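Enquirer: Would you mind keeping the following structure in view while I ask a few things?
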Amino acid sequence: MSGARLAVYPGSFDPITRGHVDLIRRSLAFADRVVVAVAVNPAKQPLFTLDERVALIRETVTEPGVELRSFDGLLVDFTRQIGATLIVRGLRAVSDFEYEFQMALMNRTLAQGIETVFLVPAFDLTYLSSSLVREVARFGGDVSALVSPAVARALARKFGR
Ligand code: PNS
């Protein structure tokens, strides 16, 4: 689609939560296509492998207009490669702000013309994070309201339940 607005929604997605899904849907209000970009991120030791994280997003997000890619290296390089100029990030609380602000300014320094757009998730999802979901699932808590059924099953398998 020529002139279509393309947004990149990057993250570790370890695993994808209802908070991520909410932001993907909100992005589609101003972007024609949203590329969910799963970071390989060698600095982190994810619970789910890259292939597992991608597969769980594929099972969870079925909206038209959403594409799924993984990337290694700098986010701005990936963003440029696919011809996008918008990076979408979620801001849940003040505690997110410092890191997100730093990252947005670093990305702008690296690549003029790529803008970061911050979206606020639904109020009832503001406390949600992948790390909390992992922790709750690790100790046998019920995460069914926080993630898709596919992710809940994958977490149960991961923790041997
Ligand atoms: O879900 P996360 O872990 O908060 O996502 C962070 C992510 C993957 C978006 C960020 O670490 C990233 O962009 N990594 C790619 C490497 C890069 O470009 N680093 C410089 C950012 S200033």
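Enquirer: Calculate the dipole size of region 33-94 relative to its Cα centre from +1 charges on Lys and Arg beta carbons and -1 charges on Asp and Glu beta carbons; express the result in debye to the nearest 20.
Expert: The dipole magnitude comes to about 240 debye.
Enquirer: Could you sort L28, L110 by their accessible area in this structure, using a 1.4 Å probe and putting the largest first?
Expert: Accessible-area ranking of L28, L110, largest first: L110, L28.
Enquirer: Using 7 Å Cα-to-Cβ label points, what is the T62/Y99 separation (nm, one decimal)?
Expert: 3.2
Enquirer: Leaving out ligands, DNA and RNA, and with a 1.4 Å probe, what % of the accessible surface on the chain is carbon or sulfur?
Expert: Accessible surface attributable to carbon and sulfur in the chain totals 54 percent.
Enquirer: Per-residue ellipticity at 222 nm for the chain, helices alone: DSSP H runs ≥ 4 residues times -39500 (n - 2.57), over residue total, nearest 500 deg cm²/dmol?
Expert: -12000 deg cm²/dmol
Enquirer: Looking only at region 1-36, which residues have a backbone nitrogen under 18 Å from a spot 7 Å from the Cα of R69 in the C-beta direction?
Expert: Answer for region 1-36: 1-13, 24, 27-28, 31-36.
Enquirer: Hey, can you grab everything whose amide H is under 5 Å from the amide H of Y9? Only 5+ residues off in sequence or another chain; H modelled, so Pro and N-termini drop out.
Expert: V35, V36, A37, V88
Enquirer: Hey, another quick one. Using a 1.4 angstrom probe with every protein chain in place, what is the largest-first accessible-area order of T62, T126?
Expert: The ranking, largest first, comes out as T62, T126.
Enquirer: In percent, how large is the relative contact order of the chain, given Cα pairs closer than 8 Å and 6 or more residues apart?
Expert: 28
Enquirer: Return the single residue from R89, R53, R138 with maximal mean-square fluctuation; model: Gaussian network over the chain, springs between Cα atoms under 10 Å.
Expert: Between R89, R53, R138, it is R138 that shows the largest mean-square fluctuation.
Enquirer: How large, in Å, is region 13-153 by the Kirkwood hydrodynamic radius built from its alpha-carbon pairs?
Expert: Value: 15.9 Å, from the Cα pair sum.
Enquirer: Angle, helix 94-110 long axis vs. longest principal axis of the chain, Cα atoms, 0 to 90°, nearest 10?
Expert: Value to nearest ten degrees: 40.
Enquirer: Whose amide H sits under 5 Å from the amide H of T17, counting only residues 5 or more places off or on another chain, with H placed in the peptide plane?
Expert: The list, which skips near neighbours in sequence, is empty: none.
Enquirer: Something else now. What percentages make up the Cα-Cα pair-distance distribution of region 46-127 when the bins are 10 Å wide from 0?
Expert: 14, 36, 44, 6
Enquirer: A further question on this structure: Just want the answer: with Cβ charges of +1 for Lys and Arg and -1 for Asp and Glu, which residue in S70, L28, V54 is farthest toward the dipole's positive end in region 23-75?
Expert: Looking along the dipole axis, the top candidate is L28.
Enquirer: Along each of its three principal axes, how wide is the spread of alpha-carbon positions in region 7-83, in whole angstrom units, largest first?
Expert: Principal extents (Cα only, largest first): 33, 27, 16 Å.
Enquirer: In whole Hz, with x marking every Gly and Pro, tabulate ³J(HN,Hα) for region 151-161 from phi via Karplus 6.51 cos²θ - 1.76 cosθ + 1.60, θ = phi - 60°.
Expert: 5, 4, 5, 5, 5, 4, 5, 4, 9, x, 10
Enquirer: Give me a comma-separated list of calculated 3J(HN,Hα) values for region 131-144, in order, Karplus coefficients 6.51, -1.76, 1.60 applied at θ = phi - 60°, integers in Hz, x for any Gly or Pro.
Expert: 5, 5, 4, 4, 5, 4, 5, 4, 9, x, x, 8, 10, 5
Enquirer: Give me the dipole magnitude in Debye, nearest 20, for region 62-159 about the Cα centre, with unit charges on the beta carbon: positive for Lys and Arg, negative for Asp and Glu.
Expert: Roughly 340 debye for region 62-159.
The values are calculated or read from the model by the stated rules, or taken from the named source; none is laboratory data. The shown structure was predicted, so the numbers you read here are calculated from the model rather than taken from an experiment. All Cβ positions, glycine included, derive from the backbone under ideal geometry; neighbour counts span all protein chains shown. Accessible surface is based on the protein model in full, side chains and every heavy atom, while ligands, DNA and RNA are left aside. Shrake-Rupley method; radii C 1.70, N 1.55, O 1.52, S 1.80 Å.
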